[in-house]
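Q: Please read through the structure below; I'll follow up with questions.
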Amino acid sequence: MTNQKHAMMYGLATVLLWSTVATAFKLSLRELSPLQMMAVACSASVVVMALILIVQKRWHLVFSLSRQQYLQSIGMGLINPCLYYLVLFGAFDRLPAQEAQPLNYTWALVLAYLSVPFLGQRLRRLDIVAGLICYAGVVVIATRGDVLSLTFSDPLGVGLAIASTLVWASYWIIATRDKRDPVVGLFLNFLCGLPFILVACAFTDGFDMTLGTAVGAAVYVGVFEMGIAFVFWSYAMKKAENTSRVSNLIFISPFLSLVFIYLILGEVILPSTYVGLLLIVAGLWVQQLKTRARLAAVEKR
């Protein structure tokens with residue numbers, strides 16, 4: 001089997017996992033608060049990433065960093081998982097999954113915009129066009145199709161979903177200067193962020209949780225969305241002979257996610273969700289046009 005086929009298999013596995021997490025979020029949040037869910041999910045994530053590092057014989061890398069890099073782990077851990085998942089789970093706690101998931105999906109566009117002031121990159125005309133298309137989709141979803149009224153179904157929930165894209169994009173901009181091994185870095189970020197989450201949970205919602213579907217869904221999120229999916233995607237990018245083909249797989253995720261939301265959560269998917277999601281995906285596709293062309297040119301050399 002060629003490296004490209006391996007890359008596509010890892011990419012498809014990642015997309016499948018990403019497609020299930022919106023459903024897992026809602027299943028867990030039916031009984032747990034966002035902080036309780038974070039405590040369970042992040043604990044599971046720390047364990048699974050430690051096991052991955054041990055199996056890959058890279059555990060020693062955890063102890064080979066500089067003092068500055070360990071301090072960096074604390075700072076980045078406060079952003080992800082602490083702030084990011086608190087905001088994201090807060091959005092999913094207030095909004096139907098079919099609304100929260102597509103809104104969060106616009107983080108890639110936000111990343112392009114934030115890269116202008118923070119990374120010195122140029123804002124292209126395609127980025128502006130993509131933004132207009134994407135945020136037209138956001139308005140369609142947030143107003144449930146009643147665009148002219150501009151009455152949002154849940155203004156705070158919509159605000160949290162959009163804020164999560166800012167936090168996530170900011171995290172990846174900071175991560176561009178991160179010299180640590182990706183899995184080691186993510187493990188240390190979660191390990192350093194976990195005590196803050198546990199203390200916050202202890203002083204607010206507490207740990208009175210009954211083992212069942214909600215806790216199981218939170219563990220699933222920690223193991224797969226916060227852990228294994230990240231590793232699979234890293235493998236997909238590393239093995240890819242044509243990275244644009246692999247990266248295009250992410251456009252399958254939001255549509256496949258709607259299938260799980262409908263079948264498992266029983267949400268009736270509104271026509272406005274389909275329209276808005278198509279606009280968001282179309283905007284992201286436009287935004288990546290020049291990037292894909294550049295990658296294709298590099299890979300032909």
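Q: Just checking, does segment 52-69 include any residue being closer than 17 Å to ALA163 by Cα and in contact with a Lys or Arg (Cβ under 7 Å, 6 or more places away or on another chain)?
A: No, because not a single residue in segment 52-69 is closer than 17 Å to ALA163 by Cα and in contact with a Lys or Arg (Cβ under 7 Å, 6 or more places away or on another chain).
Q: Something else now. Residue pairs, Cβ under 6 Å, 6 or more apart or interchain, first in segment 26-37 and free of Cβ contacts under 8 Å to residues at least 60 places away in the same chain, second charged (D, E, K, R). List them.
A: Between residues of segment 26-37 that are free of Cβ contacts under 8 Å to residues at least 60 places away in the same chain and residues that are charged (D, E, K, R), the close pairs are PRO34/ASP93.
Q: Next question. Could you grab me the full set of residues in segment 263-281 that are touching a Phe, Trp or Tyr at 6+ places or on another chain (Cβ under 8 Å) and farther than 16 Å from VAL138 by Cα?
A: VAL268
Q: Another one. Please work out if ILE128 is within 30 Å of GLN287 (Cβ to Cβ), free of Cβ contacts under 8 Å to residues at least 24 places away in the same chain and not acidic (Asp, Glu).
A: The answer is yes for ILE128.
Q: Separate question: Given the options LEU279, LEU284, name the one that is modelled with pLDDT under 95 and more than 16 Å from the chain's Cα centre (by Cα).
A: LEU279
Q: Go through segment 219-260 and give me each residue that's of a type in the set (Ser, Thr, Tyr) and touching a helix residue (DSSP H, G or I) at 6+ places or on another chain (Cβ under 7 Å).
A: Scanning segment 219-260 gives TYR220, SER234, TYR235, THR243, SER244, SER253, SER257.
Q: Moving to a separate point now. Does any residue of segment 171-181 turn out to be within 22 Å of LEU27 (Cβ to Cβ) and out of contact with any Gly (no Cβ under 6 Å at 6 or more places or on another chain)?
A: The answer is no; no qualifying residue exists.
Q: Only one of (1) surrounded by fewer than 18 Cβ atoms within 10 Å (Cβ to Cβ); (2) in the same structural domain as GLY185 (by TED's automatic domain parsing); (3) of a type in the set (Ser, Thr, Tyr) is not met by SER149, so which one is it?
A: With respect to (1) surrounded by fewer than 18 Cβ atoms within 10 Å (Cβ to Cβ); (2) in the same structural domain as GLY185 (by TED's automatic domain parsing); (3) of a type in the set (Ser, Thr, Tyr), SER149 is out only on (2).
Q: Another one. Out of all the residues in segment 58-79, is one or more crowded, with 16+ Cβ neighbours inside 10 Å and closer than 23 Å to VAL15 by Cβ?
A: Checking segment 58-79: not a single residue is crowded, with 16+ Cβ neighbours inside 10 Å and closer than 23 Å to VAL15 by Cβ.
Q: Also, I was wondering about something else. List pairs: first residue in segment 178-201 and touching a residue at least 40 places away in the same chain (Cβ under 8 Å) and in the same structural domain as ALA44 (by TED's automatic domain parsing), second residue part of a helix (DSSP H, G or I) and hydroxyl-bearing (Ser, Thr, Tyr) anywhere in the structure, Cβ distance under 6 angstrom, at least six positions apart or on different chains.
A: If the second residue must be part of a helix (DSSP H, G or I) and hydroxyl-bearing (Ser, Thr, Tyr), the pairs left are PRO182/SER234; LEU188/SER73; ASN189/SER73; PHE190/SER45; CYS192/SER73.
Q: Same structure again: Please note which helices (runs of 4 or more DSSP H) are completely contained in segment 175-273 and include at least 3 residues that are among the small types (Gly, Ala, Ser) and within 29 Å of GLN68 (Cβ to Cβ).
A: 182-203
Q: Could you say which residue among LEU289, LEU263, LEU284 is outside the structural domain of GLU31 (by TED's automatic domain parsing), surrounded by fewer than 18 Cβ atoms within 10 Å (Cβ to Cβ) and either free of Cβ contacts under 8 Å to residues at least 24 places away in the same chain or under 23 Å from THR106 (Cβ atoms) (or both)?
A: None of the other options fit; the residue is LEU289.
Q: While we're here: Looking only at segment 221-237, filter to residues that are modelled with pLDDT of 75 or more and over 15 Å from the mean Cα position of the chain (by Cα); which one of those is farthest from ARG180 (Cα to Cα)?
A: The residue in question is ALA236.
The values are calculated or read from the model by the stated rules, or taken from the named source; none is laboratory data. Quick caveat: nothing in here was measured; it's all calculated off a predicted structure. Don't worry about glycine lacking a Cβ; one is built from the backbone with ideal geometry, like all the others, and counts go over all protein chains shown.
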